[in-house]
Ligand code: GRF
């Protein structure tokens, strides 16, 4: 059994309830294979930053508004990720779109939580309350949440975990959003993070089902933080 933990960065934009679920999951022992080392926000007034500070986690914000371009933001982010030797990233309500260059570099190392059962109600423009508004408009009886790997297609990466949630008579988008968070997001995000972190540090073989060693090898040279050692130990 290895003592190593995957170094996790969580990206946020808003209230940070999913970040809180991850922090709580570390405390309660649901997440044991990784540790949140860094929180990065897309805006300096995100309440999630406060949650990070309260939990003693280093946190910072990089916004396009302040730095002028997405490229400048990603440069700063990459520097921080390197400084903290980050192994995997969790997008927990992060509202900025990451460049293809960035998602390629972190292939199968970025998780995102989306508040619907993908492929329903997802893709460009589907975020926040809009997802639940559209679900109610369509009259679906079941919705839910999805954790998936992030690639260059919005909400298009491989699915890691999903959980269904019932839609009730009289639901408003706000009520449904809260139920989806409580009954799905805050449960499957920590579980998915543990699963991915465990695979990355070689505690489980799951990672090899998601991504072939061949593929990893070809990517290692361009990776910011090479993980070849950790991953090959799961062989
Ligand atoms: C969540 O519904 C998440 O699924 C979506 O944005 C919301 C973030 O909420 N992507 P919070 O900041 O974690 O409270």
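Quick note: the coordinates plus some simple rules give every number you see, no bench work behind them. The shown structure was predicted, so the numbers you read here are calculated from the model rather than taken from an experiment. Counting neighbours? That spans all protein chains shown, and the Cβs are built from the backbone with ideal geometry, glycine included.
Write down, largest first, the equivalent ellipsoid semi-axes of the range 62-181 in whole Å, where each equals the square root of 5 times an eigenvalue of the alpha-carbon gyration tensor.
On the way: eigenvalues 182, 46, 27 Å².
Each semi-axis is √(5λ); the values are 30, 15, 12 Å.
For the chain, compute the orientation-averaged projected area of the C-alpha convex hull (one quarter of its surface), in nm². Walk me through the intermediate numbers first.
Numbers: hull surface 49.8 nm².
Its average projected convex-hull area is 12.5 nm².
Determine, for 28, 17, 172, the number of other Cβ atoms within 10 Å of each Cβ, and report the residues in order from fewest to most.
28, 172, 17
Restricting the count to DSSP beta bridges whose residues both fall in the range 6-232, what percent are antiparallel, rounded to a multiple of 5? Don't skip to the end; give the middle numbers.
Working: 11 of 29 bridges.
Restricted to the range 6-232, the bridges split so that about 40 percent are antiparallel.
What angle, in degrees between 0 and 90 and rounded to the nearest 10, separates the Cα long axis of helix 129-138 from the longest principal axis of the Cα atoms of the chain?
Roughly 50 degrees, rounded to the nearest 10.
Using the number of other C-beta atoms within 10 angstrom as an exposure proxy, rank 122, 60 with the fewest first.
Lowest count first: 60, 122.
Would you mind telling me which residue in 113, 30, 153 has the biggest mean-square fluctuation in a Gaussian network model of the chain, where springs connect alpha carbons within a distance under 10 angstrom?
Taking springs between Cα atoms under 10 Å, the residue moving most is 153.
Among 74-80, 141-147, what's the highest-first ranking by average C-beta atoms within 10 angstrom per residue?
Details: 74-80: 16.9, 141-147: 20.9.
Output ranking for 74-80, 141-147: 141-147, 74-80.
Determine, from the Cβ-Cβ distance of residue 45 and residue 142 and an R0 of 35 Å, the FRET efficiency 1/(1 + (r/R0)^6), rounded to the nearest 0.05. Please report the intermediate quantities before stating the final value.
Details: r = 35 Å, r/R0 = 1.00.
According to the calculation, E is roughly 0.50.
Tell me, what is the FRET efficiency for residue 70 and residue 124 to the nearest 0.05, using R0 = 25 angstrom and their Cβ-Cβ distance as r?
Working: r = 15 Å, r/R0 = 0.62.
With a Förster radius of 25 Å, E is 0.95.
Go through 192-200, 179-187 and give me the packing order, highest mean Cβ count within 10 Å leading.
Numbers: 192-200: 24.8, 179-187: 19.7.
Final packing ranking: 192-200, 179-187.
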